[in-house]
Amino acid sequence: MSYVDEVIEAVVKKNPAEPEFHQAVKEVLESLRVVIEANEEKFRKDALLERLTEPERVFQFRVPWVDDNGQVHVNKGYRVQFNGSIGPYKGGLRFHPSVNLGIIKFLGFEQVFKNSLTGLPIGGGKGGSDFDPKGKSDREIMAFCQSFMTELCKYIGADTDVPAGDIGVGAREIGYMFGQYKRIRSVYEGVLTGKGLSYGGSLVRTEATGYGLLYFTKEMLAMNGVDIAGKTVAISGAGNVAIYAAEKAMQMGAKVVTASDSTGWIYDAEGIDLAALKEIKEVKRARLSEYKAYRPNAEYHEGKGVWSVKCDIALPCATQNELHLEDAKTLVANGCIAVAEGANMPTTLEATEYLLENGVLFAPGKASNAGGVATSALEMSQNSERLSWTFEEVDEKLQNIMVNICHNAAAAAEKYGVKGNYVVGANIAGFEKVVDAMNAQGIC
Ligand code: NDP
Ligand code: 2IT
């Protein structure tokens, strides 16, 4: 059996009931096959893939908190420090009822390669909780965040592990957690990114993942002779990534016609009203069904459906495994030319394969959504030098990083004989730097 197949089999056996983690490992290792086979003897002797797929450290802890009625609740908290070979662990915290260890491990594993691709000195980690922020009062959110950080603060630090936001964790939650870290550890340091501007946050971090996704998409299209201006874009999600992806797509002259949340989706043929979307989601924290009150001509549907809309470009920006084979078939039949992932692993393996086979330009999340973590690393730099850069400075750096990732992924794909395959290219480009650093640091 080949080394790749052996390791995939072992990962599945040693990590039962973690399908998302298996999926992420399979996607990466399958596409690295050509590089691994060329170095099989050395990698096998060094147990390189076994080390790469085993997190350096996993913390799991109890998070007790009290609701507004005095009732005590207990949630699970996690932090996975996956690979610290190229810098302090870096990656978001997700608060969502679906969170379990396997999901945090898949996200941490992806983060290792993503962070490597940014070219910045950050290792890979991820954390979170099965806490559901939906419908909770502000006081309850604070109580939860303080309890979560009371435990997490033992394992993190500005030069050790620097968490940030992800699903269910935005500026409000980061603020509460930062305050609690400072109280317990008595140190004012950049231990979290995505902070508010008044206490060490960076301009552009809020917009960075969505903007970065569009900088990548525009470049990928341009490299293939296509202009993004005038294109119709379907987006899923209505959170941080989706909103700022929509904003930048519109600034680039494209028309965004959909958005979705966990209860339903909207289709606005004239183009989404971004101000309305922001008010519903960022201010009111309400359901997308309210959109019709702002735009009576738009359609609201319960359930899933954004990929049924005719579009040139599809941007999945909600969550993992939200674009299935059937969706991929519909997109291709409707003439979609590019799919770029804003979320982490939103496209199933079968759907990705189908899109690639049918000539759709496909940008994998670890490359195309790296703008968020890259800007987090820029926030760390600013915190270290105790300075703040202007919006234009950070935005320009972000643009350069995304264009470089796009070119590096394309070059790696071409070098290994799969021109135009950004999945293989991104995995190889990310892998090479991590392996180089791991080899240099001995067996650890
Ligand atoms: P938010 O919490 O801001 O928004 C998430 C959006 O996706 C919401 O509209 C939410 O709907 C919807 N959603 C979440 N889970 C589900 C689900 N199981 N089924 C259907 N809809 C769902 O998160 P972000 O925008 O920050 O994150 C979105 C994706 O982007 C995630 O995959 C995340 O890992 C990834 N990402 C985020 C980065 C960041 O900087 N924030 C960086 C790189 C990647 P509802 O409100 O109804 O739950
Ligand atoms: O998936 C991701 O890259 C994030 N949620 C952002 C992580 C970060 O540290 O900014």
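Bear in mind these aren't lab numbers, they're just calculated from the coordinates by the rules spelled out. What you see is a predicted model; the values in this text were computed from it and never measured. Neighbour counts are summed over all protein chains in view; Cβ atoms, including those assigned to glycine, are modelled from backbone coordinates with ideal geometry.
Taking Cα centre as origin and charging only the Cβ of basic (Lys, Arg, +1) and acidic (Asp, Glu, -1) residues, the dipole magnitude of the range 80-239 rounds to 180 debye.
Once you list every other residue whose beta carbon is under 14 Å from the beta carbon of residue 80, what net charge do they have if Lys and Arg are +1 and Asp and Glu are -1? Don't skip to the end; give the middle numbers.
Working: positive: 57, 76, 79, 90, 94, 105, 126; negative: 18, 20, 54, 56, 110, 161, 166.
Counting the neighbours of residue 80, the net charge comes to 0.
Taken over the range 1-129, the convex hull of the Cα atoms encloses 116 Å³ per residue.
Mind running the shape call on the range 285-407? Use the C-alpha gyration tensor, a ≥ b ≥ c as the square roots of the eigenvalues: rounded below 1.5 for a/c, prolate if a/b tops b/c, oblate otherwise. Judged from the Cα gyration tensor, the range 285-407 comes out oblate (a/c at least 1.5, b/c at or above a/b). With the convex hull drawn around the C-alpha atoms of the range 347-423, the volume per residue stands at 101 Å³. Sorted ascending by nearby beta carbons within 10 Å, beginning with the fewest, 5, 395 become 5, 395. For the pair residue 41 and residue 287, a Förster radius of 60 Å applied to the C-beta separation gives a FRET efficiency near 0.60, rounded to the nearest 0.05. Per residue of the chain, the DSSP helices (runs of n ≥ 4 H) give a summed -39500 (n - 2.57) that works out to -15000 deg cm²/dmol at 222 nm. Here is the result for the range 299-351: no trypsin sites (Lys or Arg not before Pro) lie in DSSP coil with at most 10 other C-beta atoms within 10 angstrom of their C-beta.
Within the range 397-442, all pairs of alpha-carbon atoms sorted by distance into 10 Å bins from zero give the percentages 30, 41, 27, 3.
Highest mobility in the GNM of the chain, judged by mean-square fluctuation with C-alpha springs under 10 Å and restricted to 364, 55, 16, is found for 16.
Take every Cα pair under 8 Å in the range 229-321 that's 6+ residues apart, average their separations, divide by the length, and report that relative contact order as a whole percent. Walk me through the numbers before you get to the answer.
Working: 181 pairs, mean separation 35.8, N = 93.
With pairs under 8 Å counted, the relative contact order is 38 percent.
Under a Gaussian network description of the chain, with springs only between Cα atoms under 10 Å, the residue in 312, 130, 138 that fluctuates furthest is 138.
Using DSSP to define loop residues, name the trypsin sites (Lys or Arg not before Pro) in the range 140-195 whose beta-carbon has at most 14 other beta-carbon atoms within 10 Å. All intermediate terms of the calculation are to be shown ahead of the outcome.
Working: sites: 154, 172, 182, 183, 185, 195; in loops: 154, 195.
The qualifying sites are 154.
Taking the Cβ of each residue in 331, 325 as the centre, tally the other Cβ atoms inside 10 Å and list the residues starting with the fewest.
Details: 331 28, 325 16.
Lowest to highest Cβ neighbour count: 325, 331.
Quick one: of 76/105; 255/397; 105/329; 26/134; 45/114; 248/278, which pairs are farther than 23 Å apart, Cα to Cα? Distance filter (> 23 Å) returns 255/397; 105/329; 26/134; 45/114.
In the structure shown, the pairs 218/310; 218/419; 154/433 are assessed against 21 Å; a Cα-Cα span above that value is assigned to 154/433.
Start at zero, step by 20 Å, and the Cα-Cα distances of the chain spread as 27, 60, 13, 0 percent across the bins. Couplings 3J(HN,Hα) for the range 261-278, derived from phi with the Karplus relation 6.51 cos²θ - 1.76 cosθ + 1.60 (θ = phi - 60°), are 9, 6, 9, x, 9, 10, 10, 10, 4, 7, x, 4, 8, 5, 4, 5, 4, 5 Hz, where x marks Gly and Pro. For the options 239, 303, 194, a Gaussian network treatment of the chain with springs between C-alpha atoms closer than 10 Å singles out 303 as fluctuating the most. Charge dipole of the range 1-149 (Cα centre as origin; +1 on each Lys and Arg Cβ, -1 on each Asp and Glu Cβ, all else neutral): 400 debye, rounded to the nearest 20.
Based on alpha-carbon atoms only, what is the radius of gyration of the range 298-340 relative to the globular estimate 2.2 N^0.38 Å? Walk me through the numbers before you get to the answer.
On the way: Rg = 10.3 Å, N = 43, 2.2 N^0.38 = 9.2 Å.
Output field value: 1.12.
What relative contact order, as a whole-number percentage, does the chain give when Cα pairs under 8 Å and 6 or more residues apart are counted?
For the chain, the relative contact order is 15 percent.
Paramagnetic label reach from residue 185 (point 7 Å along Cα→Cβ; backbone nitrogen cut-off under 14 Å): within the range 76-92, residues 88-91. Each Lys and Arg Cβ is given +1 and each Asp and Glu Cβ -1; about its Cα centre, the chain then shows a dipole of about 920 debye. 3J(HN,Hα) along the range 78-95: 9, 9, 10, 9, 7, 8, x, 6, 10, x, x, 4, 9, x, x, 10, 10, 10 Hz, from the Karplus curve 6.51 cos²θ - 1.76 cosθ + 1.60 with θ = phi - 60°, whole Hz, x for Gly and Pro.
Once you keep just the Cα pairs under 8 angstrom separated by 6 or more residues, what percentage relative contact order results for the range 319-444? Intermediate values should be presented prior to the final figure.
On the way: 144 pairs, mean separation 24.5, N = 126.
Reported relative contact order: 19 percent.
Karplus-derived 3J(HN,Hα) values for the range 66-72, using 6.51 cos²θ - 1.76 cosθ + 1.60 with θ = phi - 60°, are 10, 7, 5, 9, x, 6, 8 Hz; glycine and proline are entered as x. Looking at the range 288-341, which GluC sites (Glu not before Pro) are in a loop (DSSP not H, G, I, E or B) and have at most 16 other Cβ atoms within 10 Å? Sites meeting the loop and neighbour criteria: none at all. Across all directions, the average flat footprint of the convex hull enclosing the Cα atoms of the range 142-243 is 8.3 nm².
In the chain, what percentage of the DSSP-assigned beta bridges are antiparallel, given to the nearest 5? Let's see the in-between values first.
Working: 25 of 46 bridges.
Of all bridge pairs located within the chain, approximately 55 percent are antiparallel.
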